[in-house]
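Colleague: Got a structure for you, questions after.
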Amino acid sequence: MSFERVFSGAKWEEHVGYCRALRAGERIFVTGTAAVNPDGSVPAPHDGYQQARRCFEIMREALQGVGADFEHVTRTRMFVTDIDRWEEYGRAHREVFGEHPPTTTMVEVRRLIHPDMLIEIEADAVAPE
């Protein structure tokens, strides 16, 4: 089985030692992805919807880097710092997946790696090689 890795260039990838996405045969794993701009800043510090949309933009790039897209995603996990804002995150999730909804989990966590981050999302996918 071959392994293919994609990196986004986020400072934490090198510092912690992980890749944005890993393809192992038909299975694809996208690491926890938080909303980060190319310059490392956190976009929309008080907007859960916009942060979720940014997470999905980064994830789409990673998926496409290994020959997949959102229609191949089978499961997402959303880690949020305020579960009361579930509708903001859920709206972005629904818009992204449309006719191909995956299974999902949303759980509240105490905090993420940066105090302005409201959500981190990870995904699993299956796509033909």
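Every read-out reported here was derived from the displayed coordinates using simple, explicitly stated rules and does not represent laboratory data. The structure presented is a predicted model; accordingly, all values stated were derived computationally and were not measured. Cβ atoms come from the backbone with ideal geometry, glycine included; neighbour counts cover every protein chain shown.
Colleague: Among the listed residues 78, 59, 106, identify the single one that is in contact with a strand residue (DSSP E or B) (Cβ under 7 Å, 6 or more places away or on another chain), hydrophobic (A, V, I, L, M, F, W, C), in contact (Cβ under 8 Å) with a residue 24 or more places away in the chain and closer than 22 Å to residue 26 by Cα.
Modeller: Residue meeting the stated conditions: 59.
Colleague: Counting only residues that are in a helix (DSSP H, G or I) and of a type in the set (Lys, Arg), which one in segment 5-55 is surrounded by the fewest Cβ atoms within 10 Å (Cβ to Cβ)?
Modeller: Selected residue: 11.
Colleague: Considering only segment 63-92, how many residues are closer than 23 Å to residue 12 by Cβ and not acidic (Asp, Glu)?
Modeller: So the answer is 15.
Colleague: Go through segment 93-129 and report how many residues are assigned to a strand (DSSP E or B) and surrounded by 13 or more Cβ atoms within 10 Å (Cβ to Cβ).
Modeller: Count: 11.
Colleague: Let me ask something else. Considering only residues that are under 17 Å from residue 106 (Cα atoms) and either part of a loop (DSSP other than H, G, I, E, B) or more than 9 Å from the chain's Cα centre (by Cα) (or both), which ones fall in segment 56-84?
Modeller: The answer is 73, 74, 75, 79, 80, 81, 82, 83, 84.
Colleague: Among the residues of segment 111-118, is there at least one that is within 30 Å of residue 2 (Cα to Cα) and under 16 Å from the mean Cα position of the chain (by Cα)?
Modeller: no
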